[in-house]
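Notes follow the structure.
Every number in this text was worked out from the coordinates using simple rules, so none of it is lab data. Just so it is clear, the model here is predicted, and its values are computed rather than measured. A quick note on method: Cβ atoms are made from the backbone with ideal geometry, for glycine too, and the neighbour counts reach across all protein chains shown.
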Amino acid sequence: MHEFVIFVLFVPFVFNNRMNIDDKLVNHLALLARLELAPTEKKALRKNLAEILDYVEQLKAVNTQEVQPLVHALEMTNVFRPDEVKPGLSREEALKNAPAKEAGFFKVPRVIE
């Protein structure tokens, strides 16, 4: 889980410039993710982030000039049912099991002072 949180924070850095993965960067990313990492975790994270950078560099080298952008990897069509108008609950039915009601509305505790 730590790796996922750090990865999400790390992605913007990757695409903006080629970075050296050092203790300062790992500590900064851990701070942003509010994680406390052991020295062994930091070492493993440095290695993982360096591998990600290397892979991104490989991806940058691929010619994608003729490739159309995708919204989704698979062709998909709408799988939802068609919208149909159906009768809803009456106000009385909707409020029937409400723990508190007032003047035909749900009564809830005040949350803004």
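Cross-link partners for LYS96 among the lysines, with Cα-Cα distance under 19 Å and sequence neighbours closer than 8 places in the same chain left out: LYS107.
Stretched out straight at 0.36 nm per residue, the stretch from LYS101 to GLU57 would grow longer than its current Cα-Cα span by 9.8 nm. Only lysines eight or more places from LYS43 in sequence, or on another chain, were considered; those with a Cα closer than 16 Å are LYS24.
Percentage of Cα-Cα pair distances in region 40-113 greater than 21 Å, rounded to whole percent? Here the long-distance tail beyond 21 Å is 71 percent of all Cα pairs in region 40-113. Charge tally for THR40 (other residues, Cβ to Cβ under 12 Å; Lys, Arg +1; Asp, Glu -1): +3.
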